[in-house]
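Report on the following structure.
Taken together, the values in this text are just the output of simple stated rules run on the coordinates, not laboratory data. Just so we're clear, the structure is a prediction, and the values are computed from it rather than from any experiment. Cβ placement follows ideal geometry from the backbone for every residue including glycine, while neighbour counts extend to all protein chains displayed.
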Amino acid sequence: EQLYFAYGRYLEIASSRGVDLPSNLQGIWNNSSEPAWNADIHANINVQMNYWPAEPTNLSELHMPFLNYIINMANSAEWKNLAQQRNGATRSEAWTMLTENNIFGGFGSFQRNALINNAWYGSHLWQHCRYTLDESFLERAFPAMWGATVFWMERLVLNEEDGKYECPNEYSPEHGPVAAGNTYDQFYYLESGRRHSSSRPG
């Protein structure tokens, strides 16, 4: 276990320093002009797994390439348009992204209905705030966290049977199906927002 822990920290250090870009699927070790999944920033779990250990293992500064990417892209026309034009968000600050995303704001074709990733991304911003208590960072990150929250305030739907709000028509990445209240989305939405009440937050 100690070796795995050290190896995980090594990979974080090796792939996240010296450039202000998040580690992608292949990191800095890609040796192909046609890499798997285009060496993208894969948001249905992969990039999050790359950076989950950053704060708890005292690598907070190496979290910054991913956090800066989130803050910059949350304000991009591509991510805002996806929320508004394709998903009916009415608020200009709302944003989201698809599973396959890149540093240019582009999206791939895989899982085009997987839209919970902004909740995951927002949780990384908040985790950094909690570990560092950096108020200047919070000022930079808050608009991105707020934009993700606004997106979900409009997207969640009320389940008439149990009176709880749930994620509508989402997709479990490994096996499907497209369905309201999909466990994959419900779990990560709740965990990202630490929401366990049955009422919509005010």
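Can you compute the modelled spin-label distance between THR90 and ASN68, with each label point 7 Å from Cα toward Cβ, in nm? Those two pseudo-labels are separated by 3.8 nm. For the stretch 30-132, chymotrypsin sites (Phe, Trp or Tyr not before Pro) are listed when DSSP marks them as loop and at most 11 other Cβ atoms sit within 10 Å of their Cβ; the list is PHE104. Inter-label distance, ASN81 to GLU1: 4.9 nm, where each label sits 7 Å from its Cα along the C-beta direction.
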